[in-house]
Every structure is written in structure tokens, then in C-alpha cells.
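Step one of this worksheet: look at the structure below.
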Amino acid sequence: MDKLCIFDLDGTLLDTLKDIFISLNHALVKNGLPTKTLEEVRTSIGNGTVNLIKRAIGSNEDKFDAVLNDYRAHYDVHCNDHTKLFPGIKLLLKNLKIAKYKVVIVSNKQDEAVQELFKIYFDGIVDAAFGVKDGMKVKPSPDTVNYAMQQFKAEKNDVIFIGDSPVDEETALNAGVDYRIVTWGYKSISKLKDIKEGKIVSNPTELEKEIKVANPQGIDINEILRHCDHTLLSVDAKLEDIYALCDDAIKYNTASVCIPPCYVKAAKEYVGDKMRICTVIGFPNGYNTLRTKMYEAKEAIKNGADEIDMVINVSFLKSRNFTGVRNEIRALRKICKDKVLKVIIETCLLERAEKIKLCKYITSLGADYIKTSTGFSKAGATKEDIILFKKFIGPEVKMKAAGGIRTIEDAWDYLNLGCDRLGTSSIVKIVKQRGMNE
């Protein structure tokens, strides 16, 4: 069963306050009523349009229908004049999609307005959005949440609801589902003081982690291990450490061990045919001469390396010596023959256009993999780079993410994005610590 994340809209995903404020005051002025401040409107949002209007008109109940109709007519036209996504929300939603969560929006707005906003902001990154339809009650009634669960055939224990107010907490409790309340919405911290302990989240990055811990998607740890190049490239690695790395790799059935060139021969003699040996060439800076890289590769293969991870000459790339970059890849491809060649491009040092150019070079020159990073530069793999690779590499080229992959959840995300290999020293350690796969 897929896990379902249900998000409130206003104040959680979208900052719609200014458009609501303008439309409300338009309707009040048109009907001869005093306007409201932005703060007054902020504190009135949360129980749907009807309650917003009731609070705004006070004792002028005879003008309710006129104000409501004028508000809706104006908001239908101007609902997107000033509305915007809260910072970090788009990345959050994309990451949840990568992790195979189903993501749904529910709102106290009328369904027509919700669908309009869905098309503008969420099409392709959210699975569905539902506003209030005929016969539905607004939150804190669980009607919209229950409707979303019915549409996706989700059980209560597979659902987490995310909102920004005490009304959203009450909605989740009424629906009988887990929940988190965010602090970047329309309610001040003082208004959230009675939210149950452990349920408040202060930023989208934290929220993503909370969702994955509280409502974990099905992760196949054995599948992750099968794609790991179990790695030890630290400068002070001892031979006994390499042997221990090989033992763990065999036990946990990883794709390979990735080790320094000086240990390739000893490791190959130690594991025989039980484990593939990967090593690095031109590591970690890549500015070795071509002849040096060629010699390194020949020596590594002679000593038993099954896979070569080569660092490109980023200095050549930055100097626009594209011929030099291509010649390196071409020469190493020829030397590797039937051995696997992975080309490390060190994404953290490159512009987008440079990454695209390298995707095309690696494809045309027949390398087996494009690899993000050495793990020894300013940053490691990012999901955005993998998405970019996928768009520009050829169908025969595989992707390896490396550097900074320190959690099971991150590893699973990279596999779901299409990576075939993960360069990491952390995953086997986590599996051992947690007693997984025993």
C-alpha cells in the first residue's frame, strides 16, 4: 500500500493571504462595511469561506449573502494575483514524489478554486487536489480528508495529514490519522502552543524527514545494498580495513567494493570471484596528465579491478579544452575494454551547461556510467543533478550518485530517481547498526 500525504492548502503549501485579504475587503467595501487589516484576515482564516465572511461582517448578518457572493466572484478572478508557494515547498513535494508517496491536497475552498490553483502550482508534482463539494462540511470536519482517503483507497495508518493551525489538528484527530502542524503558516507560535507535543514542524526539510520517519514508504533494503559500491577511500585506510570492507560487502551482497588503487591486488586475491573490485583513477582532483591516468587504469586492471571510476580533468573543462576532456574519456574507454568505466564529473564544481555537455560526451564516447562526485570536493550528489542527467544521457548510460548519501531514505530516493549505483560508506554501517538484513 502506498503511503498517502494529505496537505492543507492555504498557509501550508500556498501563501494565499494577500489575495484573500484584497477580495474580502473588495466585498466589504462594495456592501458598505468597514475593511479588515491584513492581521485581522490572517487570524480569521481556517474554517472556510463562510466562517471568514461571518467574522468579517460581525452583526451585519443581513449582508452575509451579498458579501459572500461578491467575495467569491472577485476571488475567482483574482485568486492568483499575489499567491505564491512558501519557500522550500516545491522541493519538498518533488522529493516526496521521488520517494513514491502519494500526495494530495485538501482545502476548505470551493473545489473549483482548488482545481484552478492545482493546475497552476501543483500539476505533475501532486497526485490530486480536493476542495469542498456539495454535501461536504468544511474542516475541522474530516469530510475532505476522508474523501481523499477513499479516492486512494488508503487506510488510516497509511496516512499523514499536514496543516498549519489548530483547526487542522482537530481535523486530523476527527479523521483518526497522524498529523504534523507547520509554523510558517497563518497562525502565530502562540496560537499553536496547545498543539500536541512532537507534532510541530518548523521548516520543509524537517517536515520531509518527519514524514519519512512517521509514515515510512516501503523500502527494500536488499535492493539498496545490491546497488551500493561499498566504499572506503580515506587516506588513512589500512589493509585490514579493506579486508573488513570486503567481508561486509560479501555478507550484505553489495554491487562492489570501491577502494584505493594500492589495495586492488590484495583485495582481489582476498575475495577472488566473490565480489567485484572497483577503484578510482585520477582521484580526487582529476588534473593528472592523460598518460598518468592511462597508466593508473592499466595497472588497476592488471591487478584485478573490475570497475574503474575516473575523475575528469575539471581544469580542462573550465579552460574550454573540450578536446582534452573527450580524449581522456576515449582513452580510458579503450583501456577498460570489457571492464566497467564510470566517469566522475564533480557536479558541485560545474555549471548546468557544463553538466549537459558532459552528459553528451559520456554518451557519445561509450562510458558505462556518469557519476556525480568524488565525495572529496565542496559537495556531493544532489537529486536535481540526477534528474538533469536522466534528461540528457543516452539510454545505454547508467547513473551513479556518490557523496553525502548517509541515510537509507536518501539511498532509496536516488534509486527511485533512476540511479543504478550508489557510492557510499554509510549504508552497510546503518544496516549493521540496526540489525537489518541479518
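The values are calculated or read from the model by the stated rules, or taken from the named source; none is laboratory data. Everything numeric here is computed off the predicted structure, so don't read it as measured data. Reconstructed Cβ throughout: ideal geometry from the backbone, glycine too, with neighbour counts over all protein chains shown.
Given the structure, is Asn69 in contact with a helix residue (DSSP H, G or I) (Cβ under 6 Å, 6 or more places away or on another chain) and among the polar types (S, T, N, Q)? When the stated conditions are applied, Asn69 does not pass them. The single condition among (1) surrounded by fewer than 16 Cβ atoms within 10 Å (Cβ to Cβ); (2) under 30 Å from Lys337 (Cβ atoms) that Met399 does not satisfy is (1). Applying a threshold of 7 Å to beta carbon distances and a minimum spacing of six or more residues, or different chains, the list of pairs starting in region 261-285 at a residue that is in contact (Cβ under 8 Å) with a residue 60 or more places away in the chain and ending at one that is of a type in the set (Phe, Trp, Tyr) reads Pro284/Phe376.
Here the condition is being over 20 Å from Phe130 (Cα atoms) and at pLDDT 95 or above; of Ile6, Ile105, Ile89, Ile22, it holds for Ile22 alone.
For Leu38, the conditions (1) crowded, with 18+ Cβ neighbours inside 10 Å; (2) of a type in the set (A, V, I, L, M); (3) farther than 17 Å from Asp111 by Cα are fulfilled apart from (1).
Tell me, please, whether a residue that is touching a Lys or Arg at 6+ places or on another chain (Cβ under 9 Å), of a type in the set (Val, Ile, Thr) and in a helix (DSSP H, G or I) can be found in region 248-262. Yes: region 248-262 contains one or more residues that are touching a Lys or Arg at 6+ places or on another chain (Cβ under 9 Å), of a type in the set (Val, Ile, Thr) and in a helix (DSSP H, G or I).
Among the residues of region 271-308, those identified as among the hydroxyl-bearing types (Ser, Thr, Tyr) and over 16 Å from Leu232 (Cα atoms) are Tyr287, Thr289, Thr292, Tyr295. Within region 129-136, is there a residue that is buried (at least 19 other Cβ atoms within 10 Å of the Cβ) and among the charged types (D, E, K, R)? Within region 129-136 (the criterion being buried (at least 19 other Cβ atoms within 10 Å of the Cβ) and among the charged types (D, E, K, R)), the answer is no, since none of the residues qualifies.
In region 1-50, what count of residues is obtained for those that are among the aromatic types (Phe, Trp, Tyr) and within 23 Å of Lys212 (Cβ to Cβ)? Looking only at that region, the number is 1.
For Gly394, indicate whether it is in contact with a helix residue (DSSP H, G or I) (Cβ under 7 Å, 6 or more places away or on another chain), in the same structural domain as Thr279 (by TED's automatic domain parsing), within 23 Å of Asn313 (Cα to Cα) and surrounded by fewer than 18 Cβ atoms within 10 Å (Cβ to Cβ). Here the answer is yes, as Gly394 does meet what is asked.
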